[in-house]
2 protein chains.
Amino acid sequence: MSKLLDDVVRELSHLPGVGRRTALRLAMHILRSSEDDVAQMIRSIGDFRTGIRYCARCNSLSDNEFCDICSDPTRDPTTICVVEQVGDVLSIEKTGQFRGLYHVLGGVISPMAGIAPSDLKIDLLIDNISGANHLGSDNNAPVAKIREVILAISTTVEGETTLFYILNRLRAYKGLKITTIARGIGFGDEIEYADELTISHAIANRREISGMK
Amino acid sequence: MSKLLDDVVRELSHLPGVGRRTALRLAMHILRSSEDDVAQMIRSIGDFRTGIRYCARCNSLSDNEFCDICSDPTRDPTTICVVEQVGDVLSIEKTGQFRGLYHVLGGVISPMAGIAPSDLKIDLLIDNISGANHLGSDNNAPVAKIREVILAISTTVEGETTLFYILNRLRAYKGLKITTIARGIGFGDEIEYADELTISHAIANRREISGMK
C-alpha cells in the first residue's frame with residue numbers, strides 16, 4: 001500500500017516483542033508525533049548506538065572510558081556488587097541503598113546457549129579484585145583494596161553455575177568477604193503463590209523481629 | 001549512569017505500551033544490532049514521518065497523492081469499504097478477498113473523546129460517492145459511479161453512532177447499496193466465551209448448510 005509504511009513496519013518488527021500489529025501501532029504513534037519529536041527520538045537512538053561504550057572497569061554502559069559510578073569519588077570502592085546485566089545496575093541504583101561499585105558480567109554461563117565463562121567479564125572482575133587492572137578511576141584515585149564482593153545473580157541453573165564458578169575463582173583471595181543478596185518472599189508477594197524453594201529458604205533464614213525482643 | 005542511555009530510554013518510553021523496563025530492553029537490542037541495521041531503522045522512521053501522505057481519495061496512508069490501491073486500475077472502483085483506520089485496510093488486504101477500494105475515516109464519532117463527525121473524513125466519502133471529488137486516480141481513470149458502500153466499523157457504541165451517522169448521510173443516494181460486514185462467532189473462537197449479543201446475532205443470522213440440502 002505504501003512503501004514508506006511497509007519499510008517502517010518491517011524495521012520496527014525487528015525489535016524484540018514487537019510484531020506487525022504492534023509495529024503498525026508504533027508507526028501510527030510516530031505519525032501523530034511532531035516531526036521535531038520524531039527527529040529527537042531517532043537522534044537519541046543513533047547517538048546511543050554509535051556513542052555508547054562499556055566502562056573499562058565495571059563493564060557497565062558508559063559515555064566515557066569509565067562510567068559515572070566508577071568515577072564517583074563518593075562511592076565506596078571497596079565493595080563490588082556483581083550483576084548479570086546493565087538493567088540490574090539501574091534497578092539497584094533506583095533503591096539508593098547501595099553505595100559501592102558494580103561489575104556487569106554481561107550474562108550468565110550457559111552451555112545450552114553456548115555462553116562460556118570466557119564470554120563473560122569474569123577475568124576483568126578478577127583483575128579488578130587482584131589489583132591487576134591499574135586503570136583506576138577518572139579522578140586518578142588510588143586502586144582500592146576490595147573488601148566485599150556481593151554476588152547479585154539470578155537463582156536459575158545458569159545463575160547458580162555462574163555463582164559457583166566465580167566463587168571458585170575468588171577462593172584464592174583470603175580475607176575477601178563474599179556475600180549473596182537475601183532470598184525470600186518479596187514485599188507485596190503472597191506466600192501462597194511463592195515456589196517451594198523460596199518458601200523453604202525464607203523459613204530457614206527467618207529473622208527475629210527486633211521489636212519483640 | 002550514562003546520558004546516552006538515559007536519553008534513549010526516555011525517548012523510547014514515549015512510545016505507546018513501552019515503559020522504562022521495555023525501553024531498556026529495546027536499547028539493549030539496539031546495542032546488539034549492527035550500526036548499519038540501526039541506521040536503516042532510524043532512516044525508515046524518519047523517511048516515514050516526513051514522507052508519508054494521506055491519499056487524496058481514500059485518506060489511507062500513501063507515498064503519493066493517491067495510494068496504490070486507489071491508483072490500481074484492476075481494483076473495482078464501484079465498491080467502497082469504509083473502515084476506521086489504516087490498520088483495518090491492511091487486515092482486509094491480507095485476506096486478498098476484497099478487490100474494491102477503501103475509505104479510511106480516521107476514527108469514530110466519540111462525544112466523550114471530543115471527536116465530532118467533522119473530525120473524520122466523512123465529507124470526503126460523500127464527495128467521492130456523489131462524484132464531487134473529481135480528483136480521479138493517478139491513471140486518470142474516469143470517476144466511477146459507486147454501487148456499494150460496505151461499512152466495516154466496530155460494533156462499539158462509538159462505532160454504531162458513526163455507522164448511523166453515515167447511513168443518514170447516504171440516505172440521499174437512491175440505488176446505492178449499503179452493507180455491513182457479517183457479525184458472528186469467529187473461526188476458532190469458542191461459543192462459550194462469546195458475548196450474548198454476538199451469540200444472539202449469530203443465531204438470528206444462521207445459514208443453512210448447503211451440503212445438507
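The values are calculated or read from the model by the stated rules, or taken from the named source; none is laboratory data. Not measured: the values here are computed from a predicted model. Methodologically, a virtual Cβ is constructed for each residue, glycine included, from the backbone with ideal geometry; neighbour enumeration extends over all protein chains shown. What goes into the accessible areas is simple: the full protein's heavy atoms, side chains included, and nothing from ligands, DNA or RNA. Shrake-Rupley method; radii C 1.70, N 1.55, O 1.52, S 1.80 Å.
With protein chains left intact and a 1.4 Å probe, residues in the protein assembly as shown average 58 Å² of accessible area per residue. If you take the beta carbon distance between A:VAL157 and B:VAL157 as r and set R0 to 60 Å, what does 1/(1 + (r/R0)^6) give as a FRET efficiency, to the nearest 0.05? In this case the efficiency is close to 0.70. Rg of the Cα atoms in segment A:8-51, relative to 2.2 N^0.38 Å, amounts to 1.21. A crude spin-label estimate for the pair B:THR95 and A:ARG206, with each label 7 Å from Cα along the Cβ direction, gives 6.2 nm. Test of understanding: extend the Cα→C-beta vector of B:ASP36 to 7 Å, then name every residue of segment A:25-55 with backbone N under 18 Å from that spot. Backbone N within reach: A:49-50. Each residue of segment A:56-68 was assigned a 3J(HN,Hα) from its phi angle through the Karplus expression (A = 6.51, B = -1.76, C = 1.60, θ = phi - 60°), giving 5, 9, 10, 6, 7, 6, 8, 8, 10, 4, 10, 6, 4 Hz with x at Gly and Pro.
Each Cα pair under 8 Å and six or more residues apart adds its separation to the average, and for chain A the resulting relative contact order is 14 percent.
Secondary structure note: in the protein assembly as shown, about 20% of the DSSP beta bridges are antiparallel. Of B:LEU105, B:LEU61, B:LEU176, the residue with the greatest mean-square motion in the GNM of chain B, using alpha carbon springs below 10 Å, is B:LEU176. Name the residues of segment A:152-172 whose amide N is less than 14 Å from a point 7 angstrom out from the Cα of A:ASP119 along the C-beta direction? What the label zone holds, given the 14 Å backbone N cut-off, is A:158-159, A:162. Global dimensions of the protein assembly as shown from alpha-carbon coordinates: Rg and Dmax equal 30.1, 94 Å. Under a 5 Å amide H cut-off, with hydrogens placed 1.01 Å from N, A:TYR102 pairs with A:CYS81 among residues at least 5 apart or on other chains.
Averaged across A:15-24, how many Cβ atoms of other chains sit within 10 Å of each residue's Cβ atom?
Numbers: counts 10, 6, 6, 6, 0, 3, 3, 4, 0, 5.
Per residue, the number of nearby Cβ atoms from other chains is 4 on average.
Okay, which of segment A:65-93 sit inside 16 Å, backbone N to the point 7 Å along the Cα-Cβ direction of A:THR179? Backbone N within reach: A:76-83, A:92-93. The contact between chain A and chain B removes approximately 4700 Å² from the accessible area (both sides summed; 1.4 Å probe; ligands, DNA and RNA excluded).
How shielded is A:65-73 by partner chains, expressed as the average number of their Cβ atoms within 10 Å of its Cβ atoms?
Working: counts 0, 0, 3, 3, 2, 1, 0, 0, 0.
For this peptide, the per-residue mean of nearby foreign Cβ atoms is 1.
Of the beta bridges DSSP finds with both residues in chain A, what % are antiparallel, to the nearest 5? If you can, show how the numbers build up before the last one.
Details: 3 of 17 bridges.
For chain A, the DSSP antiparallel bridge percentage is about 20.
Per DSSP H run of at least 4 residues, take -39500 (n - 2.57); add these up for chain B, divide by its residues and hand me the 222 nm value, nearest 500 deg cm²/dmol.
Numbers: 7 runs with 83 residues, N = 213.
Estimated from H runs of four or more residues: -12000 deg cm²/dmol.
Amide H contacts under 5 Å for A:ILE115: A:SER110, restricted to partners 5 or more places along the chain or on a different chain, H placed in the peptide plane at 1.01 Å from N.
GNM remark for chain B: springs join alpha carbons under 10 Å apart, and the peak mean-square fluctuation among B:ILE191, B:ILE178, B:ILE126 falls on B:ILE191. The local environment of A:VAL18, defined by Cβ-Cβ distances under 14 Å, has a net charge of +4 under the rule Lys, Arg +1 and Asp, Glu -1.
Taking A:ARG147, A:ARG53, A:ARG183 in turn, the Gaussian network model of chain A (Cα-Cα springs below 10 Å) assigns the largest fluctuation to A:ARG183. Taking label points 7 Å from Cα along the Cα-to-Cβ direction, A:ILE199 and A:HIS14 give a separation of 4.7 nm. In this rough spin-label picture, where each label sits 7 Å from Cα along the Cβ direction, the B:ASP127-B:MET112 distance is 3.2 nm. Directionally averaged projected area (segment B:1-152, Cα convex hull): 12.3 nm².
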